[in-house]
Amino acid sequence: MQKVTFKNSSWQIAGNLHLPANFDENTQYSAIVCVHPGSSVKEQTAGLYAEKLAQNGFITLAYDASFQGESGGEPRYLEDPTTRVEDIRCAVDYLTTLPFVNIHAIGILGICAGGGYAANAAMTEKRIKAVATIV
């Protein structure tokens, strides 16, 4: 696992990038953005799913939503649906910059409230090719 950051608006989003066990930087992998429940952080539910999916060969990204955890944004602890959906788009933006991510094979997994945000983002974010929700 690697700690990473990417931008949404004027603040940094903190994430954990999970890599497969036999990671080869010269190989392109399918990737999954893991979206946490409301009032959660990347080390909890989304991080557990991200870790298990990486063990099965995926690049996964679990991140703290804007205003939550290690991510920036004020006021703290705000649960803003519009910003949560934009966080997802920014996460996809970040994944497309990684040379070992197959940009045609990016999926999303949303858990609890994250499931609603994942479905909403996938309606307009055409780079998301697969959607799964646990709600």
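The values are calculated or read from the model by the stated rules, or taken from the named source; none is laboratory data. Given the structure is predicted, the values throughout are model-derived calculations rather than measurements. Methodologically, a virtual Cβ is constructed for each residue, glycine included, from the backbone with ideal geometry; neighbour enumeration extends over all protein chains shown. Side chains included, ligands, DNA and RNA excluded: accessible areas come from the protein's heavy atoms. Shrake-Rupley method; radii C 1.70, N 1.55, O 1.52, S 1.80 Å.
Values computed for the structure shown
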| read-out | value |
| --- | --- |
| Positive dipole terminus of the stretch 21-76, leading residue within Phe58, Gly38, Leu48 (C-beta point charges) | Gly38 |
| The stretch 5-85 - percent of accessible surface contributed by carbon and sulfur, probe 1.4 Å | 49 percent |
| For the chain: accessible area per residue (Å², 1.4 Å) | 48 Å² |
| Ratio Rg/Rh [Cα only; Rh per Kirkwood] for the stretch 75-130 | 1.00 |
| Relative contact order %, the chain, counting alpha carbon pairs below 8 Å whose residues are six or more apart | 27 percent |
| Shape of the stretch 1-49, Cα gyration tensor, a/c cut at 1.5 | oblate |
| Diffusion constant of the chain at 37 °C, which comes from Stokes-Einstein with the Kirkwood Cα-pair radius and 0.692 mPa s, µm²/s | 230 µm²/s |
| Per-residue [θ]222 nm for the chain (sum of -39500 (n - 2.57) over DSSP H runs n ≥ 4, rounded to 500) | -9000 deg cm²/dmol |
| Percent of beta bridges antiparallel (DSSP, the chain, rounded to nearest 5) | 40 percent |
| Total charge dipole magnitude, the chain, about the Cα centre, Cβ charges on Lys, Arg, Asp, Glu only, Debye to nearest 20 | 240 debye |
| Added length on full extension, which subtracts the Cα-Cα distance from 0.36 nm per residue, Arg89 to Met1 | 29.5 nm |
| Pairs of lysines in the chain (C-alpha under 23 Å apart; 8 or more residues apart or interchain) | 8 |
| Modelled FRET efficiency - R0 22 Å, Phe23 with Glu74, Cβ distances, 0.05 increments | 0.05 |
| Virtual paramagnetic centre 7 Å along Cα→Cβ of Val135, amide N under 17 Å, in the stretch 67-83 | 79-83 |
| Summed side-chain charge close to Lys42 - residues other than Lys42 whose Cβ falls under 9 Å, Lys, Arg +1, Asp, Glu -1 | -3 |
